[in-house]
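**Q** Quick one: this structure, given as structure tokens, is what I'll be asking you about.
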Amino acid sequence: MNVTKEQEEKFKKLGLGSCCELALITPSSYEDLRISDKLQIHAMGLIDATVEALYRAPNSLQVTFFAHNFGHVITGVIFRPKPYMMHQFKIGERDYYYGMVECKSGLCSISMPKKVTNIGAITPKYKSPLRSDVMLRLMQSSLTKENLVSEGLNEEIAEELLKLHFPSQNIPNLRDLEPKTINALKYTELFTYMKKLSNKRRYFKALFSTCNSYEEWAKTLPFSLTLEQIKAIEEIKADFCKDISAKRMVVGDVGSGKTMVILASALMMLPNRSVLMAPTTILANQLFVEAKKFLPNVKIALVTNKSKNINLEEDDFIIGTHALLYRELPKAALVMADEQHRFGTAQRNMLEKLVSKGSQKPHFLQFSATPIPRTQAMIETAHIDVSLITTTPFKKDITSRVIHKSDFKDLLLHIEDEIAKKNQVLLVYPLVEQSDVLEYQSIDEARGFWEKNFSNVYVTHGKDKEKEEVLQEFDKKGAILIATTVVEVGISLPKLSTVVVVGAERLGLSTLHQLRGRVSRTGLKGHCFLYTNQSSSERLDRFTKTTSGFDIANLDLKFRKGGDLLKGHNQSGSQFRWIDLAEDEEIVKCVKMDLQRGAAPLHID
């Protein structure tokens, strides 16, 4: 960016770091000082006029003009005039005046006319912390084609933006911009954003690199890996071959087989050690059991709060909860975090540091079962590599329905029928205790009915210190589990065939999808009932018609808007003004390709 020190201070005041960002502050209006002989009513206009008379009222000044460009008498009205305004108007003098022109019953007026000199110019007006004249000078001096192109924009987009700030003939209609202009703004907004993301990415030398194969192991599995599982494993293999430590996120839908990608990664890293952190003891146990089953020749350790302080130096693969953070860990070539969004950034970094050595870092893989829109995945690739697993090894047969109070009898019959088949049912309530605000029952209010009418009813929630034990016991003996969304992530309940979500409209579609993903884990016929007091909900109806987590992530985006990836507030409320992540996939692809083409060489810390 070619700017002076004075301009740099103005950029700081505006909170901007580039001319591209400056170009995104679009004009709020334009001052058109071109002479016209056509009178436009209810619009700002310029008159070439002679002052014919002045009249001072208590709170206003009235000026009678003869407008030469229209051949018409126009009355000027200045409300609460300041002393300096009085000196602008002298009878008999001819000047140019600019103001809001109105005409009623053949009489025309111009309100708050001000004398102007910059005739023939179209001047953009901006809403900003800077004074309007200072802002205008900054735009004129900094916003050049040369500066925009030097920051990476192509000439066509730079020219389109400049037309918006410096129109020569036609003034852009700010309420209804041309598609070409909107696309230029979308592109620039995303280009600037992804460039910032890529600047945040840092590269470190890997502790160990290896190019081991997984194919022979894959042949020993009792099933075939899906094409997308293989693609993700191949991408990880390519990462491991480099001497730069990998930073990759593997995003897979519920039941897409991420566990096999985790195990393949640990296998490829041998004889070097791998560490995997899971958010709960149940999940860590599940992964430990799977690892023992499919990696029979690998020395595997499990570390939880209840583990004894064992020596881990002999183990090739250490699986644990956040208890790992409080242990002396041996050096590891690979660190993995399952359900990574359940850990804070500080916890993930802490684990990485525990097994690092100076400036050398282990390869780092994060796994998430919360699908994200493809567009968002492409944006994320600016600061982390992303692998998507959108398919599942077997097709789940789950019927989803929105239900209301009138359907309760049928629901009870369904639950009785499922329990008779030795299947299990999950009831998800919005709250643990009664609330005056919410019109739905809480767990405390509802449990009495279920415990009275059914046997083997288990109850748990987020604050329950015994929740993991309750879930394990329910898995073996239970018929009905009453819970909050504590069961949303990760846990496998093979006999679970039905989930009922009370107050479903209160939850995001991705959370509903995670809850629905608890059923039909082993090919059972599954049922998902969304209970709501709302008479209709387009959002829930659309949800029942699709089972793909990635399609649902797009739906969620449409209904809630995407969050801020850069600052980590990746929740609802969009930080983008122009780009629409649900619609603008082509623009995202284009920006990504252009950034890759112009990428600077890697700097390894």
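**Q** Name the single residue that is modelled with the lowest pLDDT among those in the range 496-529 being in a loop (DSSP other than H, G, I, E, B) and closer than 19 Å to Leu557 by Cα. Don't jump to the end; show me each part of the working.
**A** Within the range 496-529, the subset in a loop (DSSP other than H, G, I, E, B) is 503, 507-508, 517-525.
Pick out the ones that are also closer than 19 Å to Leu557 by Cα and you get 507-508.
Working: Leu507: 85, Gly508: 82.
Residue satisfying both the conditions and the ranking: Gly508.
**Q** Still on this structure, please answer the following. Hey, which of the strands (runs of 3 or more DSSP E) in the range 1-110, taking only ones fully inside, have at least 3 residues that are more than 50 Å from the chain's Cα centre (by Cα)?
**A** 43-57, 60-67, 72-79, 94-104
**Q** State whether one or more residues within the range 287-296 are in contact with a Ser or Thr (Cβ under 9 Å, 6 or more places away or on another chain) and at pLDDT below 90.
**A** no
For (1) without any contact (Cβ under 8 Å) to a residue 12 or more places away in the chain; (2) hydrophobic (A, V, I, L, M, F, W, C); (3) closer than 29 Å to Ser535 by Cβ; (4) surrounded by fewer than 22 Cβ atoms within 10 Å (Cβ to Cβ), each residue gets a yes or a no:
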site: Ala369; (1), (2), (3), (4): no, yes, no, no
site: Ile372; (1), (2), (3), (4): no, yes, no, no
site: Glu380; (1), (2), (3), (4): no, no, no, yes
site: Ile389; (1), (2), (3), (4): no, yes, no, no
site: Lys395; (1), (2), (3), (4): yes, no, no, yes
site: Ile398; (1), (2), (3), (4): no, yes, yes, yes
site: Ile403; (1), (2), (3), (4): no, yes, yes, yes
site: Leu411; (1), (2), (3), (4): no, yes, yes, yes
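**Q** Might you let me know whether the range 531-549 holds any residue that is within 21 Å of Leu283 (Cβ to Cβ), modelled with pLDDT under 90 and either under 27 Å from the mean Cα position of the chain (by Cα) or part of a strand (DSSP E or B) (or both)?
**A** Taking the range 531-549 and keeping what is within 21 Å of Leu283 (Cβ to Cβ), we get 549.
With modelled with pLDDT under 90 added as a condition, the list becomes 549.
Going one step further and asking which of them are either under 27 Å from the mean Cα position of the chain (by Cα) or part of a strand (DSSP E or B) (or both), we end up with 549.
Yes; the residues of the range 531-549 include at least one that is within 21 Å of Leu283 (Cβ to Cβ), modelled with pLDDT under 90 and either under 27 Å from the mean Cα position of the chain (by Cα) or part of a strand (DSSP E or B) (or both).
**Q** How about the range 421-477: which of its residues are β-branched (Val, Ile, Thr) and either part of a strand (DSSP E or B) or under 25 Å from Thr281 (Cβ atoms) (or both)? It would help to see each step written out before you state the result.
**A** First pass over the range 421-477, keeping only residues β-branched (Val, Ile, Thr): 425, 428, 432, 437, 443, 457, 459-460, 470.
The answer is Val425, Val428, Val432, Ile443, Val457, Val459, Thr460, Val470.
**Q** Also: Which ones in the range 111-137 are closer than 28 Å to Ala67 by Cα, β-branched (Val, Ile, Thr) and not in a loop (DSSP other than H, G, I, E, B)?
**A** Selection gives Ile122, Thr123.
**Q** Among the numbered criteria (1) under 19 Å from Ser142 (Cβ atoms); (2) out of contact with any helix residue (DSSP H, G or I) (no Cβ under 7 Å at 6 or more places or on another chain); (3) polar (S, T, N, Q), which one does Ser18 miss?
**A** Against the list (1) under 19 Å from Ser142 (Cβ atoms); (2) out of contact with any helix residue (DSSP H, G or I) (no Cβ under 7 Å at 6 or more places or on another chain); (3) polar (S, T, N, Q), Ser18 comes up short only on (2).
**Q** Out of the residues in the range 273-283 that are buried (at least 24 other Cβ atoms within 10 Å of the Cβ) and among the aliphatic types (A, V, I, L, M), which is nearest to Ala332 (Cα to Cα)?
**A** Restricting to residues being buried (at least 24 other Cβ atoms within 10 Å of the Cβ) and among the aliphatic types (A, V, I, L, M), the top hit is Val275.
**Q** Condition (residue is without any contact (Cβ under 8 Å) to a residue 12 or more places away in the chain and closer than 28 Å to Arg521 by Cα) applied to the range 421-435: is it met by at least one residue? Full working, then the answer.
**A** Of all residues in the range 421-435, those without any contact (Cβ under 8 Å) to a residue 12 or more places away in the chain come to 433-435.
When the remaining residues are screened for being closer than 28 Å to Arg521 by Cα, the result is none.
No, the range 421-435 has no match at all.
**Q** A follow-up question, please. Would you please list the contacts, defined by Cβ atoms under 7 Å and residues six or more apart or on different chains, that run from a residue in the range 243-268 that is free of Cβ contacts under 8 Å to residues at least 40 places away in the same chain and within 24 Å of Val298 (Cα to Cα) to a residue that is surrounded by fewer than 24 Cβ atoms within 10 Å (Cβ to Cβ) and among the aromatic types (Phe, Trp, Tyr)?
**A** Final answer for the pair search is Leu263/Phe294.
**Q** For the range 273-315, give me each residue that is in a helix (DSSP H, G or I), over 23 Å from Arg348 (Cβ atoms) and in contact (Cβ under 8 Å) with a residue 24 or more places away in the chain. Steps first, please.
**A** Initial filter on the range 273-315 (in a helix (DSSP H, G or I)): 281-294.
Of the ones still in play, those that are also over 23 Å from Arg348 (Cβ atoms) are 289, 292-294.
The one that is in a helix (DSSP H, G or I), over 23 Å from Arg348 (Cβ atoms) and in contact (Cβ under 8 Å) with a residue 24 or more places away in the chain: Phe294.
**Q** Can you go through Glu160, Glu151 and tell me which one is in contact with a helix residue (DSSP H, G or I) (Cβ under 6 Å, 6 or more places away or on another chain), within 23 Å of Lys13 (Cβ to Cβ) and not small (Gly, Ala, Ser)? Outline the logic, then answer.
**A** Working: Glu160 fails: within 23 Å of Lys13 (Cβ to Cβ).
Among Glu160, Glu151, only Glu151 is in contact with a helix residue (DSSP H, G or I) (Cβ under 6 Å, 6 or more places away or on another chain), within 23 Å of Lys13 (Cβ to Cβ) and not small (Gly, Ala, Ser).
**Q** May I pose another question? Out of the range 255-272, which residues are assigned to a loop (DSSP other than H, G, I, E, B) and buried (at least 24 other Cβ atoms within 10 Å of the Cβ)?
**A** As a first pass, look at the range 255-272 and keep what is assigned to a loop (DSSP other than H, G, I, E, B): 255-257, 270-272.
Passing the criteria: only Ser256.
**Q** So for the range 207-214 (the condition being touching a residue at least 12 places away in the same chain (Cβ under 8 Å), within 13 Å of Leu263 (Cα to Cα), part of a helix (DSSP H, G or I) and not hydrophobic (A, V, I, L, M, F, W, C)), does at least one residue qualify?
**A** Within the range 207-214, the subset touching a residue at least 12 places away in the same chain (Cβ under 8 Å) is 207-214.
From the residues that got through so far, the ones that are within 13 Å of Leu263 (Cα to Cα) too are 213-214.
Going one step further and asking which of them are part of a helix (DSSP H, G or I), we end up with none.
Looking through the range 207-214, none of the residues is touching a residue at least 12 places away in the same chain (Cβ under 8 Å), within 13 Å of Leu263 (Cα to Cα), part of a helix (DSSP H, G or I) and not hydrophobic (A, V, I, L, M, F, W, C).
**Q** Name the single residue, out of those in the range 434-463 being exposed (fewer than 15 other Cβ atoms within 10 Å of the Cβ) and hydrophobic (A, V, I, L, M, F, W, C), that is modelled with the lowest pLDDT.
**A** Going through the qualifying residues, I end up with Val437.
**Q** Here's a follow-up. If a residue has to be touching a Phe, Trp or Tyr at 6+ places or on another chain (Cβ under 7 Å), at pLDDT 90 or above and closer than 19 Å to Lys127 by Cβ to count, how many in the range 162-189 make the cut?
**A** Final tally of qualifying residues: 2.
**Q** Got a number for residues in the range 143-197 being more than 27 Å from Thr4 (Cβ to Cβ) and of a type outside the set (D, E, K, R)? Before the answer, list the steps.
**A** So in the range 143-197, the residues more than 27 Å from Thr4 (Cβ to Cβ) come out as 156, 169-183, 186-187, 190, 194, 197.
Remaining after also requiring of a type outside the set (D, E, K, R): 169-174, 177, 179, 181-183, 187, 190, 194, 197.
Adding up the residues that qualify gives 15.
**Q** In addition: Return yes or no: is Pro129 touching a residue at least 12 places away in the same chain (Cβ under 8 Å) and assigned by TED's automatic domain parsing to the domain that holds Glu9? Give the derivation first.
**A** Details: touching a residue at least 12 places away in the same chain (Cβ under 8 Å): yes; assigned by TED's automatic domain parsing to the domain that holds Glu9: no.
Considered against the rule, which asks whether it is touching a residue at least 12 places away in the same chain (Cβ under 8 Å) and assigned by TED's automatic domain parsing to the domain that holds Glu9, Pro129 comes out as no.
**Q** Shifting gears a bit: Could you identify the single residue in Ile25, Ile47, Ile41, Ile35 that is closer than 30 Å to Tyr187 by Cβ and β-branched (Val, Ile, Thr)?
**A** Details: Ile47 fails: closer than 30 Å to Tyr187 by Cβ; Ile41 fails: closer than 30 Å to Tyr187 by Cβ; Ile35 fails: closer than 30 Å to Tyr187 by Cβ.
Step by step, each of Ile25, Ile47, Ile41, Ile35 is checked, and only Ile25 is closer than 30 Å to Tyr187 by Cβ and β-branched (Val, Ile, Thr).
**Q** Can you tell which of Gln140, Gln169 is in a loop (DSSP other than H, G, I, E, B) and without any contact (Cβ under 8 Å) to a residue 40 or more places away in the chain?
**A** Details: Gln140 fails: in a loop (DSSP other than H, G, I, E, B).
So the residue among Gln140, Gln169 that is in a loop (DSSP other than H, G, I, E, B) and without any contact (Cβ under 8 Å) to a residue 40 or more places away in the chain is Gln169.
**Q** Now, a different point. Name the residues in the range 65-85 that are in contact with a Phe, Trp or Tyr (Cβ under 8 Å, 6 or more places away or on another chain) and farther than 15 Å from Val101 by Cβ, would you?
**A** Once the filter is applied, which keeps residues that are in contact with a Phe, Trp or Tyr (Cβ under 8 Å, 6 or more places away or on another chain) and farther than 15 Å from Val101 by Cβ, the range 65-85 yields nothing.
**Q** Condition (residue is within 19 Å of Arg516 (Cα to Cα), in contact with a Phe, Trp or Tyr (Cβ under 7 Å, 6 or more places away or on another chain) and in a helix (DSSP H, G or I)) applied to the range 387-406: is it met by at least one residue?
**A** no
**Q** Would you call Lys127 of a type outside the set (Gly, Ala, Ser), surrounded by fewer than 14 Cβ atoms within 10 Å (Cβ to Cβ) and more than 46 Å from the chain's Cα centre (by Cα)?
**A** Values: of a type outside the set (Gly, Ala, Ser): yes; surrounded by fewer than 14 Cβ atoms within 10 Å (Cβ to Cβ): yes; more than 46 Å from the chain's Cα centre (by Cα): no.
Considered against the rule, which asks whether it is of a type outside the set (Gly, Ala, Ser), surrounded by fewer than 14 Cβ atoms within 10 Å (Cβ to Cβ) and more than 46 Å from the chain's Cα centre (by Cα), Lys127 comes out as no.
The values are calculated or read from the model by the stated rules, or taken from the named source; none is laboratory data. Worth saying up front: this structure is predicted, and the values here are computed from it rather than measured. In this analysis, Cβ positions are derived from the backbone assuming ideal geometry, glycine residues included, and neighbour counts consider all displayed protein chains.
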